[in-house]
Structure formats: structure tokens, C-alpha cells
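The values are calculated or read from the model by the stated rules, or taken from the named source; none is laboratory data. The shown structure was predicted, so the numbers you read here are calculated from the model rather than taken from an experiment. Here Cβ is always computed from backbone atoms with ideal geometry, including for glycine, and neighbour counts include all displayed protein chains.
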Amino acid sequence: MTETTHIVLVGAGHAHLHVAANAGQLIDAGAGVTLLSPGNFWYSGMASGMLGGEYSDDDDRLDPAALITQAGGRFIADRVIAIDREQRLLHLAKGDPLPFDLLSLNLGSRVDAPSISGIEDAKGVWPAKPIDNLYQLRELLESALGDSAPLPRLAVIGGGPTGAELAANLLALSERYGRKFDISLISASKRLLEHAPRSASAWLAKRLRRRGLRIEMAASAVTYRQGMLTLDDGMQLPADHIVMATGLVAPLLISELDLEHHPHHGLAVTSALHTPYDDRIFAVGDCAWLKDSPYPKLGVFGVRQAPILLHNLVAHLKNTPFEAFQPQRRYLSILNLGDGRGMALWGRLWWAGRLAMRTKRRLDHDFMQQYRP
Ligand SMILES: Cc1cc2nc3c(=O)[nH]c(=O)nc-3n(C[C@H](O)[C@H](O)[C@H](O)COP(=O)(O)OP(=O)(O)OC[C@H]3O[C@@H](n4cnc5c(N)ncnc54)[C@H](O)[C@@H]3O)c2cc1C
């Protein structure tokens, strides 16, 4: 009798949703499949809409346990805290160590928070990831919006697509209640969306200013004390809550694995999505670093990697050739501006309006629908 190969999928990220839903292919090839993640999958594509009140929490999350168990695998609700490669054991935050034969990591990323004196111990600081932070923030803000007391003052740090989208949707949340938050967006870059065409940055800044957003560009927050952010030019901005959207970097666990990695980019992988020196350890999505062809930390890349990861796990079991992942150079991203409009970016092209938002809604809905029970 042949022995079962234990495949452990760590993290319910985009690529692992696909592998979990199709775990039957791995089981048919002789494997036992476990998906291990602390909780639900929260979809970042709909996160800003969820913050802005367009979507409910249920719209924005999936139950990975249902997905894997329906496909014949098992789910463990826990967090990996260390990996023993020699013994092929995962050490978990709560449960007993878990053995593996093949391991795949889809751990996502964390916010690369700048150092701001006084912010470490402050309450009311909300990193944009994990996404469920944003749901907690929305609940708190909605209870303030429904009250007659003065509204909390808000700041978003980061002028990239995430910071701009989140600021737009904080405006949208208060607009739903017919009230206005005092919101500042602070960014070290000279313009919003610094990698987008200048005309797109200018259009977006004008639109957000018109809705009441205060935008401070080419500025860095240096201290935070008693509800006041001080910028590097001495300017002070009131902020009872601060959303950190200052870019994404690899999770800390990646640096502790004794495998080739970059502290920001992630665990080094080959085009076959396994580590260069151990083809029994795979990594995908934001926690992986494709050294020869690095890709940005965006969910769309995990989605594209998913079928290749599944194929290569099956190939490992059957001893057949691996497929290679080649990241696409251009990709469509559509920002939800919270007012029924979207801003679409495709290479150097951009367009904005209600049609862009309708397209985004359809793409996001179709993605989530694949994994609903
Ligand atoms: C507000 C916001 C909006 C965004 N919008 C978009 C967008 O519209 N389009 C886009 O392409 N990208 C977007 N991004 C970027 C996107 O969030 C990331 O690129 C994407 O989530 C990465 O997906 P992933 O599959 O690598 O991991 P994730 O989807 O983040 O999943 C990682 C999983 O690993 C689990 N995990 C983490 N550590 C452990 C551990 N130690 N043990 C076990 N499990 C663990 C987590 O709980 C989670 O389930 C956005 C980001 C933010 C913050």
C-alpha cells in the first residue's frame, strides 16, 4: 500500500482558495490535504466598499473551512508560528505540531508602517491589513455617525491606490449618514497614485478635495500625541483614528524560515513556485518573491498563480513536469471611489466613472461567487 502524502496549505489566501476548492485532484493523486488559517478569507478587492458601507461583512468574506471540507480535505483554525524544515513539522499558536510532506505558504502581507514617534502605544491606529481591521473601524465609526456627539477626526497615511481608496470610502461612509468626517490624507509622495499617469493623479485629487478630503502631499508624519499628528514641516493635523496604508511587505514569519528570502519582498521562489533549494516548500501571493520577475503585492497575481500551484502540487505527487508562472506585465486595477464611480488603470491608460465601477462590481462578485457554498 502506498503512503499518503500530507499536503498542508498554510493561509487562506487567493491561490489557496482555488487549491482548496479543487483539493479532490490532490486527494485522487494520493494526498491528504489540510488547510490551516486563523479564520475567514477577507477579500481586499471589496474591502474599501465594505469600509464605505456599500458591502456587508458577509459580502466581503468567505469561509475557507466549508470550502476545503466540501472538497474532502480538513481545516485547522490556527496560526503557524514556526516551521521545522528538518523534522517537517509546523509549530502552531494553539494546537499540537503538525507534520507535512509538502507545504504551500499563502500568508499574505503586512503593512509597512513608517516610524512615527508615539504611534506604537496609541489607540485608534488601524493598519489596512488584516482586512478585518477595516470592518472593526467601520463598526466603530458607524456608531459615532449614529450619535449626536462630535465625530472623530480621521487621517489616512499613504497616497497610493489603497490610501486613496480608503479615504474615498471613509468620505462615503459619512455621506451615507448625511454628515462629514474631518479627514486628512498624508503622503510622502508628491502626488496621489505616483505610479499612475499625472492626469489620473490630478483628476483624483481634485475629485476627493471637492468631496471634502484634505490632502497633504510630500509630507511625512513624524509624531502622534494626544490626537494630534505632527508633520515634518511642523504642521499639526487632528486625528482620533489613523488608517495606515503605507505599502505592503512580507510577513515576519518569512524571515524566520532559514530559507532564502528578502525581508520586504518575501520567500524566494522559482517560476515553478517552490523554493530554490527545497521543492517540497511552495509559496505564492504576497509572501513569495519571484526573484527573476518580481511582481507587485496585489491579489491578482495570487489569482493567476492558483492554477499553476495546483498543477505543480499534483505534478509533485505524480512525478510529472512542473508548469512555470510568468507574471503579466500589465494588469487592470479599478479603484472604488465610494460615490458610485470607479477609476480604472491599465498600464498608462486610465478612465473613471460609473461604468468602471460597474465593471469592478461584476469582477469582484464573480471572484467571490466561485467560492461561495
Ligand atoms: C485595503 C486594500 C485594498 C486592496 N485592494 C486590492 C485590489 O483591489 N486588487 C488587488 O489585486 N489587490 C488589492 N490589495 C492588495 C491585496 O490585499 C493583497 O495583494 C492580497 O490580499 C494578497 O493576497 P494573498 O493571497 O497573498 O494573501 P491574503 O489574501 O492576504 O491571505 C493571507 C492568508 O494567510 C493567513 N495567514 C497569515 N499568517 C498566517 C500564519 N502565520 N499561519 C496561518 N495563516 C496565516 C491570513 O489569515 C490570510 O487568510 C488591497 C490591499 C488592501 C490593504
Complete set of residues in the stretch 49-61 that are crowded, with 19+ Cβ neighbours inside 10 Å and in a helix (DSSP H, G or I): GLY49, MET50, LEU51, ASP60
Check on ALA82, over 19 Å from the mean Cα position of the chain (by Cα), closer than 24 Å to ASP286 by Cα and among the hydrophobic types (A, V, I, L, M, F, W, C): yes
Residue list for the stretch 73-90, restricted to those being of a type outside the set (Gly, Ala, Ser) and near the ligand (Cβ under 10 Å from one of its atoms): ILE76, ASP78, ARG79, VAL80, ILE81, ILE83, LEU90
Candidates HIS241, HIS264, filtered to the one that is in contact with an Asp or Glu (Cβ under 8 Å, 6 or more places away or on another chain) and either within 10 Å of the ligand (Cβ to nearest atom) or closer than 30 Å to TYR224 by Cα (or both): HIS264
Filter result for VAL303 (within 14 Å of the ligand (Cβ to nearest atom), out of contact with any helix residue (DSSP H, G or I) (no Cβ under 9 Å at 6 or more places or on another chain) and of a type in the set (A, V, I, L, M, F, W, C)): no
All positions within the stretch 111-161 that are farther than 18 Å from VAL222 by Cα and modelled with pLDDT under 95: GLY146, ASP147, SER148, ALA149, PRO150
Strands (runs of 3 or more DSSP E) within the stretch 173-261 that include 1 or more residues touching a Ser or Thr at 6+ places or on another chain (Cβ under 7 Å): 214-216, 221-225, 228-231, 236-238
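Here's the yes/no breakdown for (1) closer than 30 Å to TRP203 by Cα; (2) of a type in the set (Asp, Glu); (3) crowded, with 16+ Cβ neighbours inside 10 Å:
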site	(1), (2), (3)
ALA219	yes, no, yes
HIS262	no, no, no
SER271	no, no, yes
ARG280	no, no, yes
VAL284	no, no, yes
TRP289	no, no, yes
Tally, over the stretch 99-124, of residues that are in a strand (DSSP E or B) and either within 11 Å of the ligand (Cβ to nearest atom) or in contact with a helix residue (DSSP H, G or I) (Cβ under 8 Å, 6 or more places away or on another chain) (or both): 5
Members of the stretch 19-47 that are under 26 Å from PRO161 (Cα atoms) and in a helix (DSSP H, G or I): SER44, GLY45, MET46, ALA47
Index of the failed condition, LEU257 passing every other in (1) closer than 20 Å to ARG341 by Cα; (2) modelled with pLDDT under 95; (3) of a type in the set (A, V, I, L, M): (1)
Which numbered condition MET46 misses (of (1) near the ligand (Cβ under 7 Å from one of its atoms); (2) crowded, with 22+ Cβ neighbours inside 10 Å): (1)
Cβ-Cβ under 7 Å pairs, at least 6 apart or on other chains, the stretch 351-366 side in contact (Cβ under 8 Å) with a residue 12 or more places away in the chain, far side loosely packed, with under 14 Cβ neighbours inside 10 Å and not in a strand (DSSP E or B): ARG354/GLY340; MET357/GLY340
Test: residue in the stretch 169-178 that is touching a residue at least 12 places away in the same chain (Cβ under 8 Å), within 15 Å of the ligand (Cβ to nearest atom), of a type in the set (Gly, Ala, Ser) and farther than 23 Å from MET228 by Cα: yes
Restricting the stretch 62-87 to residues that are touching a strand residue (DSSP E or B) at 6+ places or on another chain (Cβ under 6 Å) and part of a loop (DSSP other than H, G, I, E, B), the residue that is surrounded by the fewest Cβ atoms within 10 Å (Cβ to Cβ): ASP78
Counted residues, the stretch 26-43 - those being polar (S, T, N, Q) and surrounded by fewer than 22 Cβ atoms within 10 Å (Cβ to Cβ): 2
Strands (runs of 3 or more DSSP E) contained entirely in the stretch 274-373, each with at least 1 residues that are among the small types (Gly, Ala, Ser) and under 23 Å from ALA167 (Cα atoms): 332-336, 342-346, 349-353
